[in-house]
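Note sheet for the following structure.
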Amino acid sequence: MVRPPRVSVIIPHLNEPDDLRKCLQSLDAQRTPDLPFEIIVVDNGSRTMPDFAATFVPGVRLLRETTPGPGPARNLGAAMAAAPILAFIDADCVAAKGWLAAIVRGFDERPEVDFAGGDIRIRPAAVDQLTAVEAYENIYSYRTRLYVEQLGFAATGNMAVRTDVFRSVGPFGGIGTMEDTEWGQRATSMGYLITYLKDARVYTPSCTSFAELARRWDRHVAHEFREIGDAKWGKLRWLAKSAVMAASPPLELLRICKSDRVTSWRERWLALRCVTRVRLYRARRMVGLVWHDNAAGMVDMWNRENR
């Protein structure tokens, strides 16, 4: 007799077949007799449909969502899910050993918890010699505990939620929103409880260049700029924030020195160089938006044309 799944794992996919294979392999390795789960891959308009996913590992369903954006793809997967827990992971992520078990254990031990975020770490190209971008991203790009405990949301590259809670809160937003931030803060404002699961870890590739990292920040900056709207003094406060941003890199030295995500002084120096470059870039883009508001074009950046 086939046991019903305890977890539905949902993976949005866009033109990443090699990464998707690694992700599916890491999920297949999670199987134990007492933890049945299903995997739902939702393609979001790839040049070639990843048909291999349906047979690559057992228990995979392959769906297609034509509305652009990872949010709509995740929404379709959630709508088709059969399990009482939804676990979201990105196609370029690899689940660490025990990822699903940690999620189930977290919900079983704390029935009052409604949704959760786990740990996300960088998977460097060469473990013994980080690049500057990798050293920066190890410290700054996935501060998932802070997201959960201070900002009230979980990054959707490693997020789990009770299915009935997800359906009560409603779907993720579209490509024009920071869907994980918006959904999580909507859920917490409705009174749903979030927690951090440190043992539920996934690994994701780092950006391979500063240009790629800059494109990611373009989208974040544009979202923040759109939120100021026509508020009185909004642009003046925005310019003041850009000045603080430009002056902030020296203040990051203590954080970098204390971080356990880099292991050598070389890596710390590289991280400081990169955070300085990132902060100056962000400040420049912030000032540029005041004089030439092209935020709408910058937001549409799940980078579809390059994937």
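For V42, V169, what's the fewest-to-most ordering of other Cβ within 10 Å of each Cβ?
So the ranking, lowest neighbour count to highest, is V169, V42.
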| said: Using only the alpha-carbon atoms, how far is helix 265-291 inclined from the longest principal axis of the chain? Give it as 0 to 90 degrees, nearest 10. | reply: 70 degrees
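To the nearest 0.05, how large is the calculated FRET efficiency for E109 and T263 if R₀ is 30 Å and r is the Cβ-Cβ distance? Don't skip to the answer; put the middle values down first.
Details: r = 32 Å, r/R0 = 1.07.
Efficiency, rounded to the nearest 0.05: 0.40.
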| query | In degrees between 0 and 90, to the nearest 10, how far off the longest principal axis of the chain does helix 210-228 point, with axes built from Cα atoms? | reply | 80 degrees
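Pop out the Kirkwood hydrodynamic radius of the chain from its pairwise C-alpha distances, inverse of mean 1/r, in Å to one decimal.
Working: mean 1/r = 0.0491 Å⁻¹.
The answer is 20.4 Å.
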| In what sequence do H220, H292, H13 fall when counting other Cβ within 10 Å, fewest first? | H292, H220, H13
| query | In 10 Å bins starting at 0, how do the alpha-carbon pair distances of region 90-242 split up by percent? | reply | 10, 33, 35, 18, 4, 0
| query | Under a plain spin-label model, where a point goes 7 Å from the Cα along Cα-to-Cβ, how far apart in nm are R284 and V244? | reply | 2.3 nm
| request: Enumerate the calculated ³J(HN,Hα) couplings along region 67-80 in order (Karplus 6.51 cos²θ - 1.76 cosθ + 1.60, θ = phi - 60°), each rounded to whole Hz, writing x wherever the residue is Gly or Pro. | output: 6, x, x, x, x, x, 5, 5, 4, 5, x, 5, 5, 9
| said: Can you compute the label reach from D51? Point 7 Å from Cα along the Cβ direction, backbone N cut-off under 20 Å, restricted to region 5-20. | reply: 13-20
| task | Please work out the Cα center distance from region 199-253 to region 110-151, rounded to the nearest Å. | result | 17 Å
| Sequence-distant residues sharing a close amide H with I122 (under 5 Å, placed H) | T204
| note | Under 5 Å from the placed amide H of I89, counting only residues 5+ away or on other chains, we find I10
| note | In degrees rounded to 10, the 0-90 angle between helix 234-247 Cα long axis and the longest Cα principal axis of the chain is 90 degrees
| remark: Per its Cα gyration tensor (rounded if a/c is under 1.5, else prolate when a/b beats b/c, else oblate), region 44-95 is best filed as rounded
| field | Computed helical MRE - 222 nm, the chain, DSSP H runs ≥ 4 contributing -39500 (n - 2.57), nearest 500 | value | -13500 deg cm²/dmol
| query | What trypsin sites (Lys or Arg not before Pro) does region 154-261 have in DSSP loop regions with at most 12 other beta carbons within 10 Å? | reply | K232
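For region 2-60, what does the alpha-carbon gyration tensor say about shape, rounded, prolate or oblate, given a ≥ b ≥ c as the root eigenvalues, a/c under 1.5 as rounded, and a/b over b/c as prolate?
Values: a/c = 2.50, a/b = 2.00, b/c = 1.25.
Prolate, because a/c is 1.5 or more and a/b exceeds b/c.
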| note | Taking C257, C93, C207, C23 and counting other beta carbon atoms within 10 angstrom, the fewest-first order is C257, C207, C93, C23
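Since every read-out is calculated from the coordinates, none of them should be taken as a lab result. Note that this is a predicted model, so its numbers are computed, not measured. In this analysis, Cβ positions are derived from the backbone assuming ideal geometry, glycine residues included, and neighbour counts consider all displayed protein chains.
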